[in-house]
1. Which loop chymotrypsin sites (Phe, Trp or Tyr not before Pro) in segment 42-123, with loop taken from DSSP, have no more than 10 other Cβ atoms within 10 angstrom of their Cβ?
2. Using alpha-carbon pairs under 8 Å, 6+ residues apart, how would you state the relative contact order of segment 1-120 in percent?
Amino acid sequence: MALLAINDINDAAKVGATISALASLGSIIVGVFSIWKHQTYTRTVDSFTYMHNAQHGYLGFYGHAMLLSLPLVLLIWAILTFTVSILVYAMKDVNGVNTIHSASAWVIIGIFVVLLGAVIAVLYTFSIIWKFQHKFWIIGHWKLPWTRRRTRDNVSEVEARTL
């Protein structure tokens, strides 16, 4: 909201900051409401009733899942629109007459590019880690070749004589 208080901010940055503030408020409101409604029913019977009502509700499981993911989605949109509004505000001085403002704009853009590269590297790394885990994780047990339990069913005849 402090970004809106700047006098010479352009309209695109104002729109981005306003959307960011509204998405942040929506994320907080929906998240707090969801936590408040879900904390009161913690017994096993309540969970079965909850799942039955979610399945047979107007939106079904998929709609229910979308509603439960709404706080995170709104938070991501708030972050993205705030980032865009900061970049739009910084880019207005890139070709300016004043070299100090131009240099500071390029520094902000450079920091953004470095942080964007770090975020992409982290997301890529975690996506590889999760692919590796899902490839070898089966029903709660690691099924790597060197951790398999040796039984008479999966050993050769020579090895079976020594068991």
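1. Here the chymotrypsin sites (Phe, Trp or Tyr not before Pro) that fit, given the DSSP loop and packing criteria, are 58.
2. 34
Since every read-out is calculated from the coordinates, none of them should be taken as a lab result. Bear in mind that the values here come from a model prediction, so they are computed numbers and not experimental data. Positions of Cβ are generated from backbone atoms using ideal geometry, with glycine treated the same way; all protein chains shown enter the neighbour counts.
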